[in-house]
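The values are calculated or read from the model by the stated rules, or taken from the named source; none is laboratory data. Only a predicted model underlies this, so the values are computations on that prediction, with no experimental measurement involved. A quick note on method: Cβ atoms are made from the backbone with ideal geometry, for glycine too, and the neighbour counts reach across all protein chains shown.
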Amino acid sequence: MALRMVGLVRAKGGGFIARKSIPADVRDAYARLYKVRWEAQLRIPAGTPAPFAKTQHGEWLAEIETRIAALRAQQNGEGQPLTRLNAIALAGRWYVWFVRQHEANPGPAKYWAEFGDHLVWDVIYPEAPDNFLEAPKADPKWEWAKEPEVRDAVRPQVAELARVATFLASEGMALNPAAYALFVDAVSDNLMPAISVLQKRASGDYSRDDNPDSFPEFTDGPTRGSGVSCWELFEAFVLAVKPAPKTVSRWRSVFLEMQREFAEVGADGITEDAARKWVHGLINEDRAAVTVREIWLSASRRVFGWAREHKRIRQNPFKGVKVDVPRRVQTREDGRSFTAAEASTILKASLSYEKPTTPTERTRRWVPWLCAYSGARPGEITQLRGSDIEDRKGLIVMKLTPEAGTIKTSKARVVPLHEHIIAQGFMEMVKRIGKGALFYNDSTPQRMSIDPLKPSRDRADPARAQSWSRLSEQDLRVDKWSVYRG
C-alpha cells in the first residue's frame, strides 16, 4: 500500500523510494557537480516508520531543490550578490552556526579527527597538481588548494560537508553564482578550524574560541527581524527540554519550513494573522487537516509557548490559531479495535515461525503475543532485552523501562508474562539470546548522531515496523495500517 505523499512511495521489497527529475535547463551542470543527470533518487530501507520516512524525504527534497535553484541562479545571474568581504563575514555566521549545532554534545573526538582526515585526504588532496606531488616540500602550506580549478572541483563536496544549503535556508538567503562560490570558498577555508574546535570540545576542552572574533561584520545582507530566528528557537527548545528523539525528527521539517517562510521577520516578528495564514495554507490534498493540527500546529504552539514562558519572545502567535478537522466517517463496526477474527488471524499467523532464528523472525513470532497479553505497544516490546526478563520469586516478568528505549509515560513498569507465553517456549528463546536485544541486532555498537537536532534512529524502530508487515501482507489479508498502529 503506497503512502499518499508527494514523490514518496513504498518499494516492492519494503521501504520507500522517491524520485526527483532533474530539469533539462540545469541537467548538464547538475551532472557535472553531482554525477546524476536524469533524476535524483532516495531509497529508504525497509522497516523505516512512515514519520521518519516523511522527515527524511522532506529534507532530501529540500536539498535537491536548493541545488536546482542555485544552479538556475548561477545561469541567470540571479540571487543576492556578495563582496569578498561580506562572503567572509557570512562564513563567520556559518562558523558560529556550525559549531553550535554540535558543541553541546560533540560525541567522540575520534569522529572529528576522521572528519578532518576525510576533508583533507579524500576531498582536497586528490585535486593536488602534479608539481606538488613531485615536490610537496616546496609548498608546505598547500597554497595550491586555493587555485580556482581546485576550488571549483572541491566546492560541491565542501558544501555538503559544511551543510551550506541548510545554513542558507536558515538565513533565508539566496545567492547569485559568484556570491555562492565566494561564500563556499570562505567556508572551505574555515571548515577545518571548526572541526578542530569540535574535536577539542569532544576532548573536554571548552576554552574560549577566538575564531569568531576574526570575522568582519556582515554589512549588506538581507533585511531580517531582530532577535532569534524560528530555527534557533527550535534549537534552543531541543537543547533545553530534550524531547524524545522521535519528536525531534518529526518536528524538524516543521521548523525548517517555518524558517523559510519567516526568515525575514524572525520568530518575534510573526503576527497571529501571519501564523494563521501559514498554518491554514499547509492543508492540501497531500497533507490532511488532522496532520496539520496534530503535528504542525502542535509543534509550533509548544515551542513558541516554551519560548514565551522563558522570555525569548514577546508573544506566542500560534496560541489562538485553530484548525478545523472534518469528522472522519467510520465504517468499521468495531472502530479501530480488532475484531475477534482479526486478532485470531494475527496470532495464528505468528505461529508459522516455528523455529525463528533471525531478529526479524523472532519479532514476527513473539511480538504479537506479547502485545496481546500485556497491552503494551509494539515499540515498547521490540526494544526489550534479555536482561529485562526477570524471575521474581517464581513470577516471570518483563520490565518496560526507558533505559531500553522510548516509553510513552517515560516511567518504567513491570508486567507479568502470561503463562501461555511461557508455555509456548518464550523463555527458551530468551535464554538462548542472553542479556542482549531480543528483536534486533545489537552485536556491534551503534554510531550515535552527535547532532541533537538530527538524532539517531533507535535500532528497535525497524523491528517495530517489521513486527506485522510480513504477517499482514501474506497471512492476515487485512489492512496493514489498521494492524500496525503502535
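Structure summary
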| item | result |
| --- | --- |
| Breaking point among (1) closer than 28 Å to Asn105 by Cβ; (2) part of a helix (DSSP H, G or I); (3) in contact with a Phe, Trp or Tyr (Cβ under 9 Å, 6 or more places away or on another chain), for Arg276 | (1) |
| Answer residue from the range 32-62, given it is β-branched (Val, Ile, Thr) and in contact with a strand residue (DSSP E or B) (Cβ under 9 Å, 6 or more places away or on another chain) and is surrounded by the fewest Cβ atoms within 10 Å (Cβ to Cβ) among those | Thr48 |
| Search result, residues across the range 271-314 that are without any contact (Cβ under 8 Å) to a residue 24 or more places away in the chain and among the polar types (S, T, N, Q) | Asn284, Thr291, Ser298 |
| Cross-chain or 6+ apart pairs with Cβ under 9 Å, the range 383-397 first and closer than 15 Å to Ala423 by Cα, then modelled with pLDDT of 90 or more and among the aromatic types (Phe, Trp, Tyr) | Ile396/Phe426 |
| Count - residues of the range 405-430 that are touching a residue at least 40 places away in the same chain (Cβ under 8 Å) and more than 18 Å from Gly375 (Cα to Cα) | 3 |
| Leading residue by the ranking (surrounded by the most Cβ atoms within 10 Å (Cβ to Cβ)) among those in the range 333-365 that are under 30 Å from the mean Cα position of the chain (by Cα) and not acidic (Asp, Glu) | Thr363 |
| Single condition Pro148 does not satisfy, out of (1) without any contact (Cβ under 8 Å) to a residue 40 or more places away in the chain; (2) touching a helix residue (DSSP H, G or I) at 6+ places or on another chain (Cβ under 6 Å) | (2) |
| Whichever residue in the range 366-395 is touching a strand residue (DSSP E or B) at 6+ places or on another chain (Cβ under 7 Å) and surrounded by fewer than 19 Cβ atoms within 10 Å (Cβ to Cβ) and, among such residues, is farthest from Arg432 (Cα to Cα) | Ser374 |
| Selected residue (only one of Ala46, Ala40 is part of a strand (DSSP E or B) and either at pLDDT below 80 or small (Gly, Ala, Ser) (or both)) | Ala40 |
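Condition check ((1) in a helix (DSSP H, G or I); (2) in contact with a Ser or Thr (Cβ under 8 Å, 6 or more places away or on another chain); (3) of a type in the set (Gly, Ala, Ser); (4) within 26 Å of Trp60 (Cβ to Cβ)) across all residues:
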{"position": "Val123", "(1), (2), (3), (4)": "yes, no, no, yes"}
{"position": "Lys137", "(1), (2), (3), (4)": "yes, no, no, no"}
{"position": "Ala145", "(1), (2), (3), (4)": "yes, no, yes, no"}
{"position": "Ala159", "(1), (2), (3), (4)": "yes, no, yes, yes"}
{"position": "Phe167", "(1), (2), (3), (4)": "yes, no, no, yes"}
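This table checks each residue for (1) of a type in the set (A, V, I, L, M, F, W, C); (2) within 26 Å of the chain's Cα centre (by Cα); (3) surrounded by fewer than 18 Cβ atoms within 10 Å (Cβ to Cβ).
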{"residue": "Glu235", "(1), (2), (3)": "no, yes, no"}
{"residue": "Val238", "(1), (2), (3)": "yes, yes, no"}
{"residue": "Ala244", "(1), (2), (3)": "yes, yes, yes"}
{"residue": "Ser249", "(1), (2), (3)": "no, yes, no"}
{"residue": "Val254", "(1), (2), (3)": "yes, yes, no"}
{"residue": "Arg260", "(1), (2), (3)": "no, yes, yes"}
{"residue": "Glu264", "(1), (2), (3)": "no, yes, yes"}
{"residue": "Ala267", "(1), (2), (3)": "yes, yes, no"}
{"residue": "Arg328", "(1), (2), (3)": "no, no, yes"}
